[in-house]
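Below: one structure, written as structure tokens.
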2 protein chains.
Amino acid sequence: MAREMTTETSGAPRILDVAERLAQRRGFNGFSYADIASELGVTKASLHYHFASKADLGTALIARYATRFGEALDRADELEDERAKLAAYAELYAGVLRDDRMCLCGMLAAEYETLPEAMQGAVARFFEDNERWLERVLEAGREQGTLAFAGPARDAALLLISGLEGAMLVSRSLGDPSRFDAAARALLARFDPA
Amino acid sequence: MAREMTTETSGAPRILDVAERLAQRRGFNGFSYADIASELGVTKASLHYHFASKADLGTALIARYATRFGEALDRADELEDERAKLAAYAELYAGVLRDDRMCLCGMLAAEYETLPEAMQGAVARFFEDNERWLERVLEAGREQGTLAFAGPARDAALLLISGLEGAMLVSRSLGDPSRFDAAARALLARFDPA
DNA sequence: GTCTATAACGAGATAGAC
DNA sequence: GTCTATCTCGTTATAGAC
């Protein structure tokens, strides 16, 4: 007997949805099982059935986030030119910010020293994967003449990640998401060919 | 009778020293009065004498940090050309990172939604002050031809803050402070005149 | 798979002696 | 200004019934 199709997610995915939003808005140390439980109308104990420890929950959180992010990068890779891929990359960040969220791994990067080891490794891998993807796009764009920049593509890649993560971080405290867009535009403009 | 001169700080300043380092490494929600007390060899209760609530401690933390940062900007303002001022600005960040710390306000920006209101306002003001200082330097440099960039100086200023804060954030999780230097170099290079 | 109940601990904070 | 002692609350986590 096949399971009923419903429009609502349930169980673990639903827990991850709520935890993810809380983590992106308040940080991993800024929410508790009680917060998730009250929002879902269940008890804390039932959450522990799905994620025995908060470290397990956090690890699952990053894993899902990184997978989805990687899928978004795969979609961006289908675009024609490399400038469009960079724009799509920046738009990923913009979309997160529009939902009043910080990038999950950017948030966890701040809390890095307090995170369980498994989470630390996963956060670092997220940035390394992003860096590799950007490095490839940047190199291709420079060869094709659609992008222009000096120095190692790897450094330019980290500058892009840093600029976008930092712009999210700062524009959130300035209470003005449009400042992110201005900073992101200024950042991408510096890769335009003269 | 004048107070004895000693090489050791004591009382409130010393508490702030320890709390500041903890906040910059672990976040404001990542340390407790117990952490400070054990490091200073005093009790939690005596800390509450100096800072009745953690919000008071946090507010004092930002106030001192912003004052010192402002003084550093004043010193940078005495440099001759605007390119040197930008380099000095970036070096401020680099020095913090070398001590294994995140910028205090960058860290607090991540935790923004969980902070007491007074702290939120102070964090936003820190970034606004930085932005104003950079905007002035950038405008002057563009007029003098020592700096080159397109678009509003305000957007370029926020890009600089974002890039430096983001590079600190990310290079800390990558476990490689030299990645900050590479990103900062790439960032500043984009303001060099052709 | 979800519940009630509770354990075990750490957090911020206060009272009052010294 | 620092101490001991205590309070209250929130946190993660577990045991065991349903």
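The values are calculated or read from the model by the stated rules, or taken from the named source; none is laboratory data. Since this is a predicted model, take the numbers as computed values, not measurements. Please note: Cβ atoms are built from the backbone with ideal geometry, for glycine as well, and neighbour counts cover all protein chains shown.
Structure notes:
- Extreme residue, surrounded by the fewest Cβ atoms within 10 Å (Cβ to Cβ), among residues of region B:111-127 that are hydrophobic (A, V, I, L, M, F, W, C), out of contact with any Leu (no Cβ under 6 Å at 6 or more places or on another chain) and more than 22 Å from B:LEU138 (Cα to Cα): B:ALA118
- Here the condition is being more than 16 Å from DNA strand D (Cβ to nearest atom), assigned to a helix (DSSP H, G or I) and either buried (at least 18 other Cβ atoms within 10 Å of the Cβ) or in contact (Cβ under 8 Å) with a residue 24 or more places away in the chain (or both); of B:ALA66, B:ALA84, it holds for B:ALA66 alone.
- Candidates in region A:167-188 are the residues that are of a type outside the set (A, V, I, L, M) and touching a residue at least 60 places away in the same chain (Cβ under 8 Å); of these, the one that is nearest to the other protein chains (Cβ to nearest Cβ) is A:ARG172.
- Count of region B:92-104 residues which are within 13 Å of chain A (Cβ to nearest Cβ) and of a type in the set (A, V, I, L, M): 3
Yes/no per residue for (1) at pLDDT 95 or above; (2) of a type outside the set (Gly, Ala, Ser):
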| residue | (1), (2) |
| --- | --- |
| A:GLY11 | no, no |
| A:GLY30 | yes, no |
| A:ALA34 | yes, no |
| A:LEU47 | yes, yes |
| A:ASP56 | yes, yes |
| A:THR59 | yes, yes |
| A:THR67 | yes, yes |
| A:GLU91 | yes, yes |
| A:ASP100 | yes, yes |
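- Residue in region B:125-142 that is over 11 Å from the mean Cα position of the chain (by Cα), farther than 25 Å from B:ASP176 by Cα, among the polar types (S, T, N, Q) and at pLDDT 95 or above present: no
- Qualifying residue in region B:130-149 (condition: among the charged types (D, E, K, R) and within 7 Å of chain A (Cβ to nearest Cβ)): no
- Some residue of region A:40-50 being farther than 30 Å from A:PHE149 by Cβ, under 16 Å from the mean Cα position of the chain (by Cα), in contact (Cβ under 8 Å) with a residue 24 or more places away in the chain and crowded, with 18+ Cβ neighbours inside 10 Å: no
- Whichever residue in region B:27-75 is within 14 Å of another protein chain (Cβ to nearest Cβ) and touching a Ser or Thr at 6+ places or on another chain (Cβ under 7 Å) and, among such residues, is farthest from DNA strand C (Cβ to nearest atom): B:GLY27
- Filtered residues of region A:141-166 (kept if in contact (Cβ under 8 Å) with a residue 24 or more places away in the chain and outside any helix (DSSP H, G or I)): A:GLY145, A:THR146, A:LEU147, A:ALA148, A:PHE149
- For region B:105-129, a residue qualifies if it is within 9 Å of another protein chain (Cβ to nearest Cβ), assigned to a helix (DSSP H, G or I) and touching a residue at least 12 places away in the same chain (Cβ under 8 Å), and the qualifying residues are B:CYS105, B:GLY106, B:MET107, B:LEU108, B:ALA109, B:ALA110, B:THR114, B:VAL123, B:PHE126, B:PHE127.
- Residue match in region B:48-62 (condition: in a helix (DSSP H, G or I), in contact with a Lys or Arg (Cβ under 9 Å, 6 or more places away or on another chain), within 16 Å of DNA strand D (Cβ to nearest atom) and not assigned by TED's automatic domain parsing to the domain that holds B:GLY121): no
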